[in-house]
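A short worksheet on the structure shown next.
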Amino acid sequence: MKDIGKFKEIISKPLKVVVLMHPKPDADALGSTLALSAYLTKKGHSVTPISPTDYPNFLNWLPGNEKVLVFQKERPQPAETAIAAADLIFCLDFNTLSRIFELGEMVVRSNAIKVLIDHHLEPERFADFEEWNPTAASTAELVYQVIHDLGEDAAIDQDIAECLYAGLMTDTGGFRHSNTSQKVFRVAAELVAHGAEPAKISKLIYDTNTLERLRLMGFVLGEKLQVLPEFSTSYIVLASDDLRKFSSQTGDTEGLVNYGLSVKGVSMSVLIHQRKDGIKLSFRSFGKFNVNTFARKYFEGGGHKNAAGGQSDLTLEETLKKFLDLLPAYKEELNTSLD
Ligand code: 5GP
Ligand code: MN
């Protein structure tokens, strides 16, 4: 972080702090938020972590999760009060205020000092301090970096280490994606030294499926996964009825898009699913094909080169048609992505 000295001075006296993450937070967004919140609480600040929406049950074990204020449209006041009263606001694992809807407007109205900690491409420049690095595999890595640069490694206890390790592990797909750098392993090793237990965290995140979720996966793989070899592309479309049939909970669709990408020869995979708040798309790619650009250009989204998301106001069928109609223009790029 540029101006780390100035930042250190600002947080040297007790402040009212809000830490915000992206909607439907994943282990990186939530883990980073909880780790930073725990660190700042230790240093005497009064901290309110806020999530714009609910999140999967399999993240409820993350230490400090019970302190998260989940924003509710019908009851915005608690979040609004905390944001209006804050001296310092952190935005973690997202980088445009429009991504957090009403909460973003509250942040704009606030006079607090704003800090962005993020690793997504093309940030909006709204923050007074930034720890922004698109080559970092996870926001967790960047929260670790900030604590380290403050000279505060000794404050990383087991709870903080577990939260950060969870973010690091999941945003690298279990240390498998192309973002798994030497730095990732260095930070992971530090977190293990501070008490994070890899096998325990891996079990809590990856091996706590409900039977319904596994059945949903079986259904998706058996009946919904489509492959288009001529475009090196696969897709899965899930209607809310499909999800209801399997009593689907928030988070149950997470990871499904990766199965599409695991098909030999596939360089882009998309999951299009219907949620209460509209159609959500998840994109993954291997190699050169840039799904951040694709999601940004056509589906009001963004993310990383090989993992991005977006949305659509069209119907499920129209969204699929829009996606399929785009493929011929990208045929060459998709078919040579893995070269
Ligand atoms: P996922 O497909 O797992 O929801 O998201 C993949 C990546 O894209 C994550 O890093 C996530 O933060 C980002 N992402 C997901 N949806 C959106 C979106 O609507 N807008 C932007 N800018 N990024 C998104
Ligand atoms: Mn992340």
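Take the Cα of E212, go 7 Å toward its beta carbon, and the backbone nitrogen atoms of the range 242-274 under 17 Å from that spot belong to 242-254, 274.
Annotation note: trypsin sites (Lys or Arg not before Pro) in the range 118-184 located in DSSP loop regions with a Cβ neighbour count of at most 15 within 10 Å are R125, R176.
Computed over protein heavy atoms with a 1.4 Å probe, the carbon and sulfur contribution to the accessible area of the range 97-196 reaches 49%. For the range 8-52, the solvent-accessible area with a 1.4 angstrom probe is 32 square angstrom per residue.
Stretched out straight at 0.36 nm per residue, the stretch from L324 to N258 would grow longer than its current Cα-Cα span by 21.9 nm. Per-peptide packing, taken as the mean over residues of other Cβ atoms within 10 Å, places 316-322, 191-197 in the sequence 191-197, 316-322 from highest down.
Near A166, once Lys and Arg are set to +1 and Asp and Glu to -1 for all other residues with Cβ below 10 Å from its Cβ, the sum equals -4.
Take the Cβ atoms of S202 and T250, set R0 to 30 Å, and the FRET efficiency comes out at 0.90.
Calculated FRET efficiency, Q158 to A84, Cβ-Cβ distance, R0 = 30 Å: about 0.30 to the nearest 0.05.
The shape of the chain can be summarised by an equivalent ellipsoid whose semi-axes, obtained from the alpha carbon gyration tensor, come to 33, 21, 20 Å from longest to shortest. Between E223 and T96, the FRET efficiency from the beta-carbon distance, with R0 = 25 Å, is close to 0.10. Extension gain for the segment K13 to Q72, taken as residue separation times 0.36 nm less the Cα-Cα distance, is 18.1 nm to one decimal.
In this simple spin-label approximation, D149 and W61 carry label points 7 Å from Cα along the Cα→Cβ vector, and these lie 3.2 nm apart.
With an 8 Å Cα cut-off and a minimum separation of 6 or more residues, compute the relative contact order for the range 33-178 in percent.
Reported relative contact order: 21 percent.
Sorting the segments 67-76, 81-90 by their mean number of nearby beta carbons within 10 angstrom, highest to lowest, gives 81-90, 67-76.
As a rough guide to protection, the peptides 243-255, 205-217 ranked by mean Cβ packing within 10 Å, highest first, stand as 243-255, 205-217. Contact order for the range 1-100, expressed relative to its length and based on alpha carbon pairs under 8 Å spaced 6+ residues apart, stands at 38 percent. Across the chain, C-alpha contacts under 8 Å between residues 6 or more apart give a mean separation that, scaled by the residue count, equals a relative contact order of 13 percent. Working out 0.36 nm times the residue gap between N111 and S181, then minus their Cα-Cα distance, what length gain in nm do you get to one decimal? Computed gain between N111 and S181 is 21.4 nm.
The values are calculated or read from the model by the stated rules, or taken from the named source; none is laboratory data. Computed from a prediction, not measured in an experiment: that's the story for all the values here. Cβ atoms come from the backbone with ideal geometry, glycine included; neighbour counts cover every protein chain shown. The protein model used for the area step is the full one, side chains on, heavy atoms only, and it has no ligands, DNA or RNA in it. Shrake-Rupley method; radii C 1.70, N 1.55, O 1.52, S 1.80 Å.
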